Structure formats: C-alpha cells, structure tokens
Amino acid sequence: MLRGRARRGRETPRADTGDDLRSGDDPQSAADPLDAAQERRVRAVLALGGVPQADLPDGVQQVRLRLLERAASGREAPRDVSAWAAVVASNLAMDWHRAKRRQERLGERLAALRQQAHPSGEDNSVLSVAVAQGLEELPDAQRQVVVLRFYADLPVRSIAEQLGVPEGTVKSRLHTAVRALRARLHEDEVV
C-alpha cells in the first residue's frame, strides 16, 4: 500500500538507473541494468535465501532479465533499482526452494512406487523394462492416458476433464494402449 502511494505521489519518473556511472568504453556495461553494487546485493540476497553458489549466476541473470522485460514492456523504471532487484532476488530464492521441495517430494513418491512395485527379483526388473519399452512405442496420446490412469491413479473422468476430451476418448485410448502393451509383452515372452 505504501509503495502505491509513493508512486502516485511522484511527479516525474526517475530515468536514472545508475547507467551514467558505468558509461565507460565498453558498450556491454552501459546496457547492463545492474551496476556492480546492485549485482553484489542481488548475489547476497540469493545466497542468504539459500540458493546454492552454483546457481547464483543464474539468479543474477534472472533479475537482469526481469528488469529488462519491465523496461521493454514500457513500464517505468523502479524508483530504487537496488531495492527492487533485492525483492526480486528474494522472490527467486523462495521459488528455488519451492521447486527443490517439489523435486524432493516427487523423488520420494517415485522411490515409494518402486519399492511397492518391485519388492524383489529379476522377474520384476525384466517386466519393468519391457513395460517401459512398450510405453515408449505408444503414440503420445495413448501413453499419456496410460500413465495418468495406471501410474498417477487418476479416474477416467478426471483424465477426460484434465485433457479436455470426452470420457469415451480416454477409454478408447486406454483400451487400444493396453492391447498394444499386452501384445508387446507376449511377443517378448515376458508374460
């Protein structure tokens, strides 16, 4: 709320983003929307936000990109580029953590599925390889419904709603795909 009032109270947009301080001979440095101090601040915010050292350059580039996109869209430059960049960096750090947690949860789910589906034995691994190869050979639409139905355990109605197709289409694709997979497993003498 305070930021909105501060913007409205300003009569002339500030065009100075610190580029005049970096207007050396290098044209690349003049086009950079972040000066060295701002970049250090962005790096610090990202690092303190828990982003690994290896991902810091990508985070800095994301902040630069968002600042350039803002300028390209015709919006006025932020009054305090350094503060704006720090907030964007903080948001990127939170996004990084969310993505990391999503990946961890997905990994845990896959590990649990593997343990349930393959309790022991070579027979199960042969079957898994055969099914995986059979899935790769299916057309995209059929593979999609098989994965959603049997691996994601979604009901036909939900699959139809999510894909935007009639339930009959989902059932038809499932029937055709299962028939093809069954034939493939019999050809390979897995079942």
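The values are calculated or read from the model by the stated rules, or taken from the named source; none is laboratory data. Just so it is clear, the model here is predicted, and its values are computed rather than measured. What goes into the accessible areas is simple: the full protein's heavy atoms, side chains included, and nothing from ligands, DNA or RNA. Shrake-Rupley method; radii C 1.70, N 1.55, O 1.52, S 1.80 Å.
Results, tabulated for the structure shown:
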{"item": "With all protein chains modelled, accessible area of R105 [1.4 Å, Å²]", "result": "110"}
{"item": "Whole-number accessible area per residue in Å² for region 147-191, which is evaluated in the context of all protein chains at 1.4 Å", "result": "70"}
{"item": "Whole-Hz ³J(HN,Hα) from phi, Karplus 6.51 cos²θ - 1.76 cosθ + 1.60, for region 144-157, glycine and proline x", "result": "4, 5, 5, 5, 5, 6, 9, 9, 8, 6, 8, x, 4, 4"}
{"item": "Heavy-atom surface of region 30-78, accessible at 1.4 Å and reported per residue (Å²)", "result": "56"}
{"item": "Region 26-85 and region 163-179: distance between their alpha carbon centers, rounded to Å", "result": "48"}
{"item": "Order of exposure, largest accessible area first, which applies to L181, L56 with probe 1.4 Å", "result": "L181, L56"}
